[in-house]
Amino acid sequence: MTETHDAAAAPESGAAPDGGTIEIRLENLAKRFPGQHDPAVDDLSMEIPKGEIVIFVGPSGCGKTTTMKMINRIIEPTSGRIYLDGEDVTKVNPDQLRRRIGYVIQQIGLFPHQSIASNIATVPRMLGWKKERISERVDELLEMVGMDPGAYRNRYPKELSGGQRQRVGVARAMSADPDVMLMDEPFGAIDPITRDRLQNEFLRLQERIKKTIIFVTHDIDEAIKMGDRIAILREQSHIAQFDTPERILVNPADEFVADFIGRGASLKRLNLSR
């Protein structure tokens with residue numbers, strides 16, 4: 001896990017706790033849906049460091065998925081700014097923006113009548129890649145997620161297990177080699193044993209690819225395992241604490257964070273040290 005310097009930002013702020021390169025910057029971000037009295041997201045500002053997994057975790061309905069979906073403009077913000085590598089994404093064509101950002105969701109949404117290779121190749125085809133380059137990239141990605149290209153490229157989603165479909169979903173999200181990936185409960189719909197294995201595999205993969213990843217989960221144990229940093233969110237995506245897993249476990253910012261972490265913080269710290 002990434003360690004912060006002693007001169008860390010206040011843990012409840014949205015500033016990156018050390019001075020690393022910032023990939024994503026959210027400034028005073030807000031979303032108010034029509035007919036709702038309170039905003040779903042209210043005045044959120046934070047910095048996402050380059051090459052790290054940052055977890056959004058919090059109670060159901062706190063705005064974590066809405067916040068993530070504003071980054072690739074599946075949901076348009078009501079106000080505020082989102083910067084991707086210094087560029088204001090509100091000034092970018094939404095379709096072009098989404099092709100630059102990998103997106104993995106719980107119900108992976110593979111096209112059932114397309115082969116695995118064709119599913120993975122969706123974005124490269126849209127970008128006009130040549131067939132030979134697409135074929136090479138598909139095989140490279142299948143190997144990267146632990147699937148033999150010869151055995152799987154011509155299969156169809158219905159022939160795969162849930163864990164295999166999740167692997168294909170991750171491969172598809174990485175197909176155009178995006179710098180940023182958004183992952184919304186990516187391992188939430190599979191059994192605990194497969195989930196643990198996929199988490200471990202993805203962490204090993206991240207050691208190689210070093211993508212900037214925003215990862216949404218409701219599970220604090222998954223957040224602690226997967227995150228370089230964790231943003232614990234209250235209602236309306238107000239930041240309760242934004243720091244490394246170690247610091248959150250050792251020094252929760254307030255009673256809300258301590259209650260959300262729950263009992264067994266010492267055991268969680270022990271697991272981190274292994």
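So here's what we get for this one:
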read-out	value
Label-point separation in nm, residue 161 to residue 87, each point 7 Å along Cα→Cβ	4.0 nm
Tail weight of P(r) past 31 Å, computed on alpha-carbon pairs of the chain, percent	27 percent
Whole-Hz ³J(HN,Hα) from phi, Karplus 6.51 cos²θ - 1.76 cosθ + 1.60, for the stretch 194-208, glycine and proline x	5, 4, 4, 5, 5, 4, 4, 5, 5, 5, 5, 5, 4, 4, 8
Phi-based couplings in Hz for the stretch 64-78 (Karplus 6.51, -1.76, 1.60; Gly and Pro marked x)	5, 6, 4, 4, 4, 6, 6, 5, 9, 6, 5, 10, 7, x, 6
Calculated FRET value between residue 125 and residue 21, using beta carbons and R₀ = 41 Å, to 0.05	0.85
Per-residue Cβ neighbour rank within 10 angstrom, fewest leading, 21, 65	21, 65
Ranking of 132, 47 by count of other Cβ atoms within 10 Å, fewest first	132, 47
Long-range HN-HN contacts of residue 104 with modeled amide H, under 5 Å	182, 183, 184
Residues residue 133 and residue 255, FRET efficiency given R0 of 41 Å [Cβ-Cβ distance, rounded to 0.05]	0.15
Other-chain or far-sequence residues with amide H under 5 Å of residue 155's (modelled H)	116, 117
q = 0.12, 0.15, 0.28 Å⁻¹, the stretch 110-178: log10 I(q)/I(0) [Debye, one scatterer per Cα]	-0.24, -0.38, -1.39
91, 210, 50 arranged by Cβ crowding within 10 Å, fewest neighbours leading	91, 210, 50
Mean separation of Cα contacts under 8 Å, 6 or more apart, over the residue count of the stretch 110-178: relative contact order %	50 percent
Using θ = phi - 60° and Karplus 6.51 cos²θ - 1.76 cosθ + 1.60, couplings along the stretch 140-153 (whole Hz; Gly, Pro as x)	4, 5, 4, 4, 4, 9, x, 10, 5, x, x, 8, 10, 4
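We did not get these values from a lab; they are worked out from the coordinates using the rules stated. As the structure is a prediction and not an experimental result, all values here were calculated from the model. Note that we place each Cβ from the backbone using ideal geometry, even for glycine, and neighbour counts take in every protein chain shown.
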